[in-house]
Amino acid sequence: MPTPIPTAYSRLQIRLHWLVFVLLALQYILHEPITEAFDMVEDGLTPAFSPLVAAHVFGGFLIFVLVAARIYIRKERGVPPLPETDPPLQRMAAHVTHYSLYTLMIAMPVSGAVAWFRGNEAAAEAHEVMRAILLALIALHVVGALYHQFVVKDGLMQRMRRGDPV
Ligand code: HEM
Ligand code: HEM
């Protein structure tokens, strides 16, 4: 962790958080065309070009690049420490959730690319299993954020709203 430890996320970190959120939502909403195209590939057929399939592939690559940038900025600039008022077990759970989210946001595009460009069924299965785990972790993360906002009322959501200039 760099010194001094930041007291807030930077504006760039916050923009990246919400941009990746929107892109991930699109990946989940618009997955049907690539699922159908991949079924055709598995049956030995060649699917016709579809902009929605291309969007899934391109969107996934964009997520990979933006998440890699997030991890790099996190390492170089740091992030504000988790609220001191949280019990240690809760802080550990938050850390594990955040690291797992980063890992899956990198592993999803990689497994998707191996499945799509190499026609690899094991990678496609991994992609399917991980999309369910990622969704469950996102749900847990959102519940955690809402718990802070409405039960603990410690203003945690503000940390992902207004940031430091750098
Ligand atoms: C695709 C969905 C989402 C993903 C993958 C995601 C991922 C993450 C990650 C990895 C962090 C940790 C940042 C760090 O310290 O390095 C984070 C922080 C945060 N996220 Fe999300 N997030 C998502 C959606 C949301 C939503 C919908 C909300 C609001 C309801 C939210 C609220 C927050 C807040 C308040 C923090 C700061 C937590 C803290 O500083 O302790 N996130 N998010
Ligand atoms: C974070 C990025 C990504 C997310 C969140 C995501 C999400 C999804 C989801 C929800 C499905 C539907 C799975 C199902 O039918 O059960 C899917 C299928 C698929 N995705 Fe992705 N995807 C991502 C990146 C990519 C990339 C970059 C590629 C290719 C270069 C890709 C290729 C595929 C393929 C081939 C399928 C069909 C797999 C199958 O039916 O077994 N994905 N994706």
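Overview of results
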read-out: Sites matching GluC sites (Glu not before Pro) across segment 1-90 that sit in DSSP coil, with at most 12 neighbouring C-beta atoms within 10 Å; value: Glu84
read-out: Where chymotrypsin sites (Phe, Trp or Tyr not before Pro) fall in DSSP loop in segment 1-73, at most 10 other Cβ within 10 Å; value: Phe49
read-out: Mean separation of Cα contacts under 8 Å (6+ apart) over length of the chain, as relative contact order %; value: 34
read-out: In Hz, Karplus ³J(HN,Hα) per residue of segment 152-160 (6.51, -1.76, 1.60; θ = phi - 60°; x = Gly, Pro); value: 6, 6, 9, x, 4, 4, 4, 5, 9
read-out: For segment 59-64, 3J(HN,Hα) per residue [Karplus equation, 6.51 cos²θ - 1.76 cosθ + 1.60, θ = phi - 60°, Hz, x = Gly/Pro]; value: x, x, 5, 4, 4, 4
read-out: Cut-off under 5 Å, modelled amide H: who pairs with Asp164 long-range; value: Tyr9, Ser10, Arg11
read-out: Centroid-to-centroid separation of segment 100-166 and segment 48-97 [C-alpha atoms, Å]; value: 7
read-out: Cα extents of segment 52-166 along the three principal axes, largest first (Å); value: 49, 30, 24
read-out: Calculated [θ] (222 nm, deg cm²/dmol) that DSSP helices of n ≥ 4 give over the chain, each run adding -39,500 (n - 2.57); value: -24500 deg cm²/dmol
read-out: J(HN,Hα) series, segment 35-40, from Karplus relation 6.51 cos²θ - 1.76 cosθ + 1.60, nearest Hz, glycine and proline x; value: 4, 5, 4, 5, 4, 5
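Each value in this text was obtained by applying a stated rule to the coordinates, not by laboratory testing. These numbers were taken from a predicted model, which means no experiment stands behind them. Cβ sites come from the backbone with ideal geometry, for glycine too, and all protein chains shown count toward neighbours.
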